């Protein structure tokens, strides 16, 4: 398992090094722009990053699966900006020769909750964004976007509002009654089991675990149902030394064909 993880990480790094942004022959396969959005009464500005892909191509969710390339965002060139939170709509699950990738095809709008330093002033949003795109080959792109976010813009943008409505449900919204996690040591790292007492989200449910720890890799999970309980397993490997999992910070997302559920934290068995 560790050999598989490291091979994927090395392959992704090799691809990144192989295509400088100014010479990337795949740049035309993705169009990226910022939808200006609106300023809320509380001072936040809700914008959107619209990604339009060439037919047959896809891009990746924040946790892209074993066959995906994780995205990264750099907003340091912006002005009047205190922070940006990317809000992720429910992604699709893809299979690539037995490896899993998670992301979006055709077109997606990623809502951006922008925090201005001065809520009454405009924001000049400048992003340097690294995204992976994939068809029969997977390549990274370095995308640059810019937009002026006016402080007096209050009209809600339908595309951003629709993307916000498409994000995963909370545990309470999905009637998730209990989440229990068990962590066991193995020769290669840790084995993680989650038992989620919740109604089916539809189809072949996929559970994604995120630890927020550097130098930690989490395998694609396997899942099955025991009545109203979804049981999921994944392996955790650290290539930076021993790892301790804080159950209270573990992010768990269940992706079903009807809806997705996201929660942070689970109880010990």
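Observations, loosely collected:
- Selected residue (only one of 235, 182 is surrounded by fewer than 17 Cβ atoms within 10 Å (Cβ to Cβ), over 27 Å from residue 111 (Cα atoms), in contact (Cβ under 8 Å) with a residue 24 or more places away in the chain and out of contact with any helix residue (DSSP H, G or I) (no Cβ under 6 Å at 6 or more places or on another chain)): 182
- Test: residue in the stretch 89-96 that is in contact with a strand residue (DSSP E or B) (Cβ under 9 Å, 6 or more places away or on another chain) and at positive phi: no
- Residue match in the stretch 238-258 (condition: assigned to a strand (DSSP E or B), within 21 Å of residue 64 (Cβ to Cβ), touching a helix residue (DSSP H, G or I) at 6+ places or on another chain (Cβ under 6 Å) and not assigned by TED's automatic domain parsing to the domain that holds residue 100): no
Residue-by-condition table, conditions (1) surrounded by 14 or more Cβ atoms within 10 Å (Cβ to Cβ); (2) over 27 Å from residue 30 (Cβ atoms); (3) assigned by TED's automatic domain parsing to the domain that holds residue 256; (4) free of Cβ contacts under 8 Å to residues at least 60 places away in the same chain:
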residue: 128; (1), (2), (3), (4): yes, no, no, yes
residue: 152; (1), (2), (3), (4): no, yes, no, no
residue: 157; (1), (2), (3), (4): yes, no, no, no
residue: 194; (1), (2), (3), (4): yes, yes, yes, no
residue: 197; (1), (2), (3), (4): yes, yes, yes, yes
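- Exactly one residue among 115, 136 is more than 18 Å from the chain's Cα centre (by Cα), on the phi < 0 side of the Ramachandran plot and without any contact (Cβ under 8 Å) to a residue 40 or more places away in the chain, and that residue is 136.
- For the stretch 58-86, the tally of residues that are within 29 Å of residue 116 (Cβ to Cβ), in a loop (DSSP other than H, G, I, E, B) and within 11 Å of the chain's Cα centre (by Cα) stands at 5.
- From the options 120, 171, 212, 151, residue that is outside any strand (DSSP E or B) and under 16 Å from the mean Cα position of the chain (by Cα): 212
- Residue that is in a loop (DSSP other than H, G, I, E, B), under 30 Å from residue 220 (Cβ atoms), at pLDDT 95 or above and out of contact with any helix residue (DSSP H, G or I) (no Cβ under 6 Å at 6 or more places or on another chain), where the choices are 89, 55: 55
The values are calculated or read from the model by the stated rules, or taken from the named source; none is laboratory data. Since the structure is predicted, the reported quantities are computational estimates derived from the model, not experimental observations. A quick note on method: Cβ atoms are made from the backbone with ideal geometry, for glycine too, and the neighbour counts reach across all protein chains shown.
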